[in-house]
Amino acid sequence: MTYIHDTIVRLQKTSPAQAEFYQAVEEVLDSLQPILETSEQYKRHAIIERIVEPERQIMFRVPWVDDQGNVQVNKGYRIEFNSALGPYKGGLRFHPSVNAGIIKFLGFEQIFKNALTGLPIGGGKGGANFDPKGKSDGEIMRFCQSFINELYRHIGPTTDVPAGDIGVGAREIGYMFGQYKRLTGNYDGVFTGKSLLWGGSLVRKEATGYGCVYFAQYMLEAKGDTLAGKRCLVSGAGNVAIYTIEKLYQLGARPVTCSDSSGTVYHETGINLETLKELKEVRKVRLNEYVTAHPEAKFIPAADYPADGNAVWRIPAELAFPCATQNELSEADAQALVANGVIGVSEGANMPSTQDAVEVFLDAKICYGPGKAANAGGVATSQLEMAQNASMQRWSFEEVDEKLKVIMKNIFLSASGTAAEFGEPHNLVLGANIAGFRRVADAMIEQGVV
Ligand code: GLU
C-alpha cells in the first residue's frame with residue numbers, strides 16, 4: 001500500500017532518526033488497510049496525516065545536583081499525542097535509552113491502547129534519559145523536583161495526567177506530586193500510581209501484570225482451554241513481571257523464569273515470588289542474587305545469550321509473557337517458542353516483539369495478545385484512580401479488581417470481534433488496531449479540524 005510507504009517516508013524526513021516510532025506507525029497502518037481502502041471519510045478528514053503528528057511535544061532541560069555536588073543535566077520529554085477521547089494519559093519513563101523516538105512510539109501506542117479500554121482517556125507519554133540505577137534517594141528526589149519545575153505548567157487533572165513506567169514507581173510519583181503541589185498549590189489527581197496513603201488506588205500497582213494474565217485467560221477460554229497447570233515464561237523483573245507471576249500462581253499456572261539486564265533466572269519448580277519481591281521491591285538488586293537463595297535454580301548471564309535473541313525464549317513452555325521492554329523478542333526467539341510448542345503469548349511490555357516476531361506468531365495462528373490490548377490493564381486502572389479522586393471515593397481491592405477483569409474482557413471481545421468482522425478471527429493485532437483506531441478517528445471527525 002503506497003500510503004503506508006508515503007507516510008513512513010514523510011515521517012523519516014520530518015521526524016528523523018525515530019526507528020521505534022516508524023515501527024509502531026507501520027504496524028498500525030498495516031492493520032488499517034481494510035478500513036482505509038473502503039472508507040472515504042478517513043481520507044477526506046486527513047485522519048492518518050493528523051493522527052501520526054503529536055498535538056504537542058514538550059522537550060526540556062532537567063538540571064540537578066548529584067551527591068558529590070556536581071551539576072548533571074538530562075533531557076526531559078512529554079508528548080501530548082492525542083486528546084480526542086479525553087485528557088492526555090500515559091506514563092513517564094526514566095531510562096538511559098529514552099529519546100524523542102522512544103517516547104513518540106510509546107505515546108502513539110498509548111492512543112490506541114487507551115481507546116481500546118473504552119474509557120475517556122487520550123494518549124500521551126513522557127520521561128527522561130535519566131538512569132535511576134545506583135542513584136541515592138536524595139538524587140532521585142532532586143531529579144524528580146527539577147523535572148516537575150518545568151513539567152508542572154503543562155499537566156493537570158483534566159489536561160494531562162502522567163503515571164509511572166520503567167524507572168518510575170510510587171516513590172518517584174510521590175516526589176513529583178510533592179513538587180507539583182508546592183508550585184501550583186493544588187491537591188488534585190494530576191498523577192496516577194500514587195501511594196495508597198494519599199490518593200492512590202488499590203490494584204493499580206498490580207494492574208498491568210494482572211490484566212496481562214486475565215487477557216491470556218480470555219484468549220485461552222475462547223479456545224476451551226485454561227491457565228491451570230501451564231508452564232509459563234516471563235521476562236522482566238519489574239512491576240509488570242512480578243504481578244504477572246503473582247496472578248499466574250493464583251490461577252494455577254507455573255511461571256518458571258524472570259529476567260533483568262544481568263540475565264535470566266530459570267527455576268524449574270517455579271519462580272519463588274517472595275524472593276523475587278525481596279530482591280526487586282525491597283533490596284533493589286540484580287537478579288543474579290536469586291540463586292544464592294535458590295541454588296537449584298539456574299542463572300543465565302546476559303553475556304551468554306544467543307546472538308540472535310534472548311535466552312529466556314529458548315526454554316520450552318506453553319505460554320510466554322514478555323514483560324521487560326521494546327523489541328526484547330526477536331524473530332529467532334519467536335521461531336524457537338513456536339518450535340517448542342508455545343500456544344499463547346500475552347505482552348505485558350510495550351511492543352516487546354519485533355515486527356518479524358509478530359509475523360511468526362500470526363502465521364503459526366497461536367493465541368497472540370499484542371501489548372496495546374494485553375497490557376492495557378495498567379492505564380485502565382489509572383483511569384479508575386482518576387475516577388475515585390474526582391468523586392472523592394475509595395473503592396475496595398475486590399471492587400477495582402472486578403472492574404479490571406471486566407475491562408480486560410471487553411478489550412478481548414472488542415479486539416477478537418473486530419478481527420472476526422474483518423475475516424481474520426485469530427489476528428488480534430488487526431482487531432486491536434482497528435477497534436482502537438475507529439474510536440479515536442470517529443471522535444476526531446466529530447470534533448472538526450483541530
Ligand atoms: N506506563 C503504563 C502504560 O504503558 C501506564 C500508563 C498510565 O497508567 O497512565 O500503559
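Every read-out reported here was derived from the displayed coordinates using simple, explicitly stated rules and does not represent laboratory data. Because the structure is predicted, anything quoted here is derived from the model rather than measured. Heads up, the Cβs are rebuilt from the backbone with ideal geometry, glycines too, and the neighbour counts pull from every protein chain shown.
Looking at the range 152-229, which trypsin sites (Lys or Arg not before Pro) are in a loop (DSSP not H, G, I, E or B) and have at most 12 other Cβ atoms within 10 Å?
Working: sites: Arg153, Arg171, Lys181, Arg182, Lys194, Arg204, Lys205, Lys223; in loops: Lys194, Lys223.
For trypsin sites (Lys or Arg not before Pro) across the range 152-229 that sit outside H, G, I, E and B with at most 12 neighbouring Cβ atoms in 10 Å, the list reads Lys223.
Find the all-direction average of the projected area of the Cα convex hull for the range 278-357, expressing the result in square nanometres with one decimal place.
That works out to 6.0 nm², a quarter of the Cα hull's surface.
If a paramagnetic tag sat 7 Å from the Cα of Asp67 along the Cα-Cβ line, which residues of the range 149-185 would have the backbone N under 19 Å from that point?
171-172, 175
Taking a quarter of the surface of the Cα convex hull of the chain, what do you get in nm²? Walk me through the intermediate numbers first.
Values: hull surface 83.9 nm².
With every direction weighted equally, the projected area is 21.0 nm².
Exactly which trypsin sites (Lys or Arg not before Pro) in the range 365-413 are in a DSSP loop and have at most 13 other Cβ atoms within 10 Å?
Filter output for the range 365-413: Lys365.
Distance between Cα centroids, the range 304-323 to the range 423-450: provide it in whole Å.
About 32 Å separates the Cα centre of the range 304-323 from the one of the range 423-450.
Among residues other than Pro34 whose Cβ falls under 11 Å from its Cβ, what is the net charge (Lys/Arg +1, Asp/Glu -1)?
Working: positive: none; negative: Asp30, Glu37, Glu421, Glu424.
Net local charge, Pro34 excluded: -4.
Between Tyr249 and Arg394, how high is the FRET efficiency from 1/(1 + (r/R0)^6) when r is the Cβ-Cβ distance and R₀ = 45 Å? Nearest 0.05. Walk me through the numbers on the way to the answer.
Working: r = 27 Å, r/R0 = 0.61.
So, using R0 = 45 Å, E works out to roughly 0.95.
In which sequence would Ser414, Ser382, Ser330, Ser39 go, from the one with the fewest C-beta neighbours within 10 Å to the one with the most? Could you put the intermediate results ahead of the total?
Numbers: Ser414 23, Ser382 30, Ser330 20, Ser39 15.
If I rank by nearby Cβ atoms, fewest first, I get Ser39, Ser330, Ser414, Ser382.
Toward the positive end of the charge dipole of the range 188-323, about the Cα centre and with charges on Cβ (Lys, Arg +1; Asp, Glu -1), which of His294, Val213, Val265 goes farthest?
In the range 188-323, that residue is Val213.
Relative to the present Cα-Cα distance, how much length would full extension add between Asn186 and His5 at 0.36 nm per residue of separation? Could the numbers behind the result be given before it?
Working: separation 181, 0.36 × 181 = 65.16 nm, distance 4.63 nm.
Difference between extended and current length: 60.5 nm.
With just the Cα atoms defining each centre, how far is the range 1-72 from the range 189-233? Give it in Å.
The two parts, judged by their Cα centres, are 28 Å apart.
Test of understanding: ordering Ser235, Ser15, Ser416 by Cβ neighbours within 10 Å, fewest first, what list do you get? It would help to have the intermediate numbers written out before the result.
Numbers: Ser235 28, Ser15 17, Ser416 22.
Ranking Ser235, Ser15, Ser416 by Cβ neighbours within 10 Å, fewest first, gives Ser15, Ser416, Ser235.
What number do you get for the range 300-340 when its Cα radius of gyration is normalised by 2.2 N^0.38 Å, N = residues?
Numbers: Rg = 9.7 Å, N = 41, 2.2 N^0.38 = 9.0 Å.
Here the answer is 1.08, to two decimals.
Treat every Asp and Glu Cβ in the range 387-450 as -1 and every Lys and Arg Cβ as +1, leave all other atoms uncharged, and give the resulting dipole magnitude about the Cα centre to the nearest 20 debye.
On the way: 6 positive and 8 negative charges, 19 e Å.
My answer is approximately 80 debye.
As a test of the definition: which semi-axes, in Å, follow for the range 28-165 when you take the square root of five times each eigenvalue of its alpha carbon gyration tensor? Largest first, please. Could you put the intermediate results ahead of the total?
Numbers: eigenvalues 232, 40, 29 Å².
Semi-axis lengths for the range 28-165 are 34, 14, 12 Å.
When Lys and Arg each count +1 and Asp and Glu each count -1, what net charge do the other residues less than 11 Å away from Ala216, Cβ to Cβ, add up to? Don't jump to the answer; show the numbers that get you there.
Values: positive: Lys230, Lys247; negative: Glu221, Asp225, Glu318, Glu347.
After counting each charged neighbour, the total is -2.
Apply 1/(1 + (r/R0)^6) to the Cβ-Cβ distance of Lys298 and Glu221, taking R0 = 25 Å, and write down the FRET efficiency to the nearest 0.05. Display every interim value, and only then the final one.
Details: r = 32 Å, r/R0 = 1.30.
Plugging the Cβ-Cβ distance into 1/(1 + (r/R0)^6) gives 0.15.
Using the Cα gyration tensor of the range 9-50, with a ≥ b ≥ c the square roots of its eigenvalues, what is the shape: rounded (a/c below 1.5), prolate (a/b larger than b/c) or oblate (neither)? It would help to have the intermediate numbers written out before the result.
Numbers: a/c = 3.65, a/b = 1.74, b/c = 2.09.
Since a/c reaches 1.5 but b/c is at least a/b, the shape of the range 9-50 is classed as oblate.
Take every Cα-Cα pair in the range 138-211 and report what % of them are more than 21 Å apart. Please list the in-between numbers first.
Values: 578 of 2701 pairs.
Cα-Cα pairs in the range 138-211 separated by more than 21 Å: 21 percent.
Which loop-located trypsin sites (Lys or Arg not before Pro) does the range 100-143 contain, where loop means any DSSP state but H, G, I, E or B and the Cβ has at most 13 other Cβ atoms within 10 Å? Intermediate results must be reported in sequence, preceding the final value.
On the way: sites: Lys104, Lys113, Lys125, Lys133, Lys135, Arg142; in loops: Lys133, Lys135.
Passing both the DSSP loop test and the Cβ count: Lys133.
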